[in-house]
Amino acid sequence: MKRICYAAAPVAGSLNSIAHAEIDARAIAFNCRNCHAESQPGSESSIPSLENLSAQQIRQALLDFKYDKKPATLMPRLAKGYSDAELAAVAEYLNRN
Amino acid sequence: MAGLSRRRFLQGVAGLGAGVLSGCAGLPICAGSKAHVVVVGGGFGGATAAKYLRLLDANIRVTLIEPKVKYITCPGSNWLFAGLSNLDQLTVDYQSLQDRYGVKLLVDRVSSLDAAQRRLRLTGGRSVTYDRLIMSPGIDFRWDAIAGYDQAAAEQFPHAWQAGPQTLLLARQLQAMPDGGVVLIAVPADPYRCPPGPYERASMMAYWLKQHKPRSKILILDAKRSFSKQALFEAGWAKHYGYGTANSLIEWHSLADNPLLELNKQSRVLTSEFGDRFRGNVLNIIPPQTAAQIALQHGLTDSSGWCPVRPLTGESLFDEFIHVIGDAAHYAPIPKSAFAANSEAKACALAVTSLINQKPVVEPHWLNTCYSLIAPEHGVSVAGVYKLDAANTIVPVKGAGGVSVRTDVEAVALEADYTRAVYRSLITDTFG
Ligand SMILES: Cc1cc2nc3c(=O)[nH]c(=O)nc-3n(C[C@H](O)[C@H](O)[C@H](O)COP(=O)(O)OP(=O)(O)OC[C@H]3O[C@@H](n4cnc5c(N)ncnc54)[C@H](O)[C@@H]3O)c2cc1C
């Protein structure tokens, strides 16, 4: 029977705060993929694709949704759930992945 | 923020510490072997968890156990009553999970669980061991809630709350009903799978009846005082189905203080505590629900019938190596939806890979969006963004979420479009 065994717990000092911010963006951004998933060949979706947007464009759109500067049906309700810094990190992450 | 993260980090480590003890106590050292995560249930929660585990860490072996070769989605199944969909269009399989992500699929049912040995027995005779187990087995019904309504009665009076033959049975009954007939939809108290589901169903049935049997009526007999997206549904029903007038195709009755107690199968009558009698031609009885049998049988539920978890990781309160997600688990205030099951699965997959790789567990984020069709060109939605508060309980983020704001013709048509698009992309993200 195969078992995984954990080594001693890492000391708190090894926590890399940059890695932490990166992972936080994943935790949020994974939830965007339900709707903004990779586009399937041959299927046209009415949900706008984020594939051709820069990080800056995604970030600006999210801030505009959050502060009610961009009319929309759904995104303002979602964008208000995150800090400006979180939205910037998510935009950055989505652009890279 | 920093303080919060640090505390969570320490909690993650504390969980690990316990893992070291019970995981390796008395067992030989086996460093270097690949961790094995077993996922039970190939619905929205389980399929998403299996896929994202492999995306996050290809070194983890992932086995998905699901008895059905194909899965029929409940989302979209109400559209069938309006003639807008069929079961084929709602059917998905597990090919991509295997081919694209390397998930190992076992087409089998878990018959028992030995938590001490971290071993599952399958109906087919096999046994499977795990390092961590993720359960997303969905729901079962409380058959004792309405006297006379049991599993056998459901073959005559469908719940259609698990998509498949039950959905077809209900659709056929609706089609066979005489014009001027009455459809009863009995709706349970919270919590249950898909809070807006019964009202979307009534809408879709009304859309079909309006064209084919316009003298008919749908009576919603509700154990609740109010319901999800109520103002939006009622406005839509008024617009399309005469709601609020004598000729309305839909009537909603709250029976919060006067619950339905009994079904008389011969006379097709539901009787309430105060003796009110509701007779129908078609009876769609949606019973109260619990976590699926496998969770009930193995002590993963509390007195509510659902599985309590630590939301940070999804670990069961009763077993640290078993995570529970989806409808079976208690993630309130997050509703029981496919979208939420998908979101819970991602947070859980992140936590499980962190635990296995001895990394701090990151702050989870959950999202829920539920779209419903009131008519083919009239969609409405409700959304929620959820986080942990300082006491590690799940809270909706204040100021975010809520129901559709614009209700003009253009906006509801756009939301109807999004209803279908979100369904398709959720399928792609989960199974594709
Ligand atoms: C009519 C209706 C409409 C809905 N519409 C929507 C919607 O529009 N949007 C939305 O987000 N949600 C919707 N939902 C809710 C959605 O269907 C559920 O919330 C979702 O399916 C929950 O996923 P899950 O993984 O928890 O459970 P399920 O999807 O039920 O999956 C559980 C799986 O576990 C398997 N299983 C059970 N026991 C065992 C065992 N012992 N061994 C192995 N496998 C086992 C089952 O075969 C099943 O495939 C709707 C529900 C209904 C009824």
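The values are calculated or read from the model by the stated rules, or taken from the named source; none is laboratory data. Every value quoted in this text rests on a predicted model; they were computed, and no experiment measured them. Every residue, glycine among them, receives a Cβ derived from its backbone with ideal geometry; neighbour counts consider all protein chains shown. Quick note on the areas: whole protein, heavy atoms, side chains included, nothing else; ligands and nucleic acids left out. Shrake-Rupley method; radii C 1.70, N 1.55, O 1.52, S 1.80 Å.
Some values worked out for this structure:
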{"item": "Most mobile of B:Pro311, B:Pro214, B:Pro198 in a GNM of chain B (Cα contacts under 10 Å)", "result": "B:Pro214"}
{"item": "Relative contact order computed over region A:53-97 (Cα-Cα under 8 Å; 6+ residues apart), in percent", "result": "46 percent"}
{"item": "Cα lying deepest toward the dipole's positive end in chain B, options B:Gly402, B:Gln297, B:Ser248, charges on Cβ", "result": "B:Gln297"}
{"item": "DSSP beta bridges in chain B [antiparallel fraction, %, rounded to 5]", "result": "55 percent"}
{"item": "Eligible aspartates and glutamates near A:Lys69 by straight Cα distance, threshold 17 Å, same-chain separation 8 or greater", "result": "A:Asp84"}
{"item": "Shielding by partners, peptide B:342-355 (average Cβ within 10 angstrom, other chains)", "result": "2"}
{"item": "Computed P(r) (all Cα pairs; region B:90-165; 5 Å bins; percent)", "result": "3, 11, 14, 16, 17, 15, 13, 8, 3, 0"}
{"item": "Axial C-alpha extent at least 30 Å, average Kyte-Doolittle at least -1.0 - helices from chain B (DSSP)", "result": "B:2-24, B:409-431"}
{"item": "Span from the region B:188-231 Cα centroid across to the region B:141-179 one, whole angstrom", "result": "15 Å"}
{"item": "For region B:152-287: lysine pairs under 19 Å (alpha-carbon distance), excluding those fewer than 8 apart on one chain", "result": "4"}
{"item": "Electrostatic dipole magnitude of region B:293-432 [Cβ: Lys, Arg +1; Asp, Glu -1; Cα centre; debye, to 20]", "result": "160 debye"}
{"item": "More than 39 Å apart - percent of Cα-Cα pairs taken over chain B", "result": "22 percent"}
{"item": "The protein assembly as shown - charge dipole about Cα centre, Lys and Arg +1 at Cβ, Asp and Glu -1, debye rounded to 20", "result": "660 debye"}
{"item": "Residue-averaged beta-carbon neighbours from other chains (10 angstrom radius) around B:417-426", "result": "5"}
{"item": "Angstrom value of the Kirkwood radius, inverse mean 1/r, which spans all Cα pairs in the protein assembly as shown", "result": "24.2 Å"}
{"item": "Unit charges at the beta carbon, dipole of the protein assembly as shown: most positive-side option, B:His323, B:Trp79, B:Val282", "result": "B:His323"}
{"item": "Eligible aspartates and glutamates near A:Lys80 by straight Cα distance, threshold 19 Å, same-chain separation 8 or greater", "result": "A:Asp24, A:Asp64, A:Asp68, A:Glu92, B:Glu363, B:Asp389"}
{"item": "Averaged over B:396-402, number of beta-carbon atoms from partner chains that fall within 10 Å", "result": "4"}
{"item": "Packing-based order for B:328-337, B:60-69, B:261-270, using average beta carbon neighbours within 10 Å, highest first", "result": "B:328-337, B:60-69, B:261-270"}
{"item": "Within straight-line cross-link reach of B:Lys68, lysines at Cα separation under 25 Å, skipping those fewer than 8 residues along the same chain", "result": "B:Lys51, B:Lys104, B:Lys336, B:Lys346"}
{"item": "Burial order of peptide ranges B:35-46, A:49-60 (average beta-carbon count within 10 Å, highest first)", "result": "B:35-46, A:49-60"}
{"item": "Dipole magnitude of chain B about its Cα centre (Cβ charges: Lys, Arg +1; Asp, Glu -1), debye to nearest 20", "result": "660 debye"}
{"item": "Kirkwood-based shape ratio for region B:152-287, expressed as Rg/Rh from alpha carbons", "result": "0.93"}
{"item": "Apportionment of accessible area to carbon and sulfur, region B:161-219, percent (1.4 Å)", "result": "57 percent"}
{"item": "Mean-position separation - Cα centroids, region B:397-432 and region B:86-127, in angstrom", "result": "30 Å"}
{"item": "Area accessible to solvent at B:Lys70, 1.4 Å probe radius, in Å²", "result": "120 Å²"}
{"item": "Amide H within-cut-off set for B:Val103, under 5 Å, with H built and near neighbours excluded", "result": "B:Gln98"}
{"item": "Dipole-positive endmost among B:Val361, B:Thr167, B:Ile374 within the protein assembly as shown (Cβ charges, Cα centre)", "result": "B:Val361"}
{"item": "Heavy atoms of B:Lys239: accessible area, 1.4 Å probe, square angstrom to 10", "result": "110 Å²"}
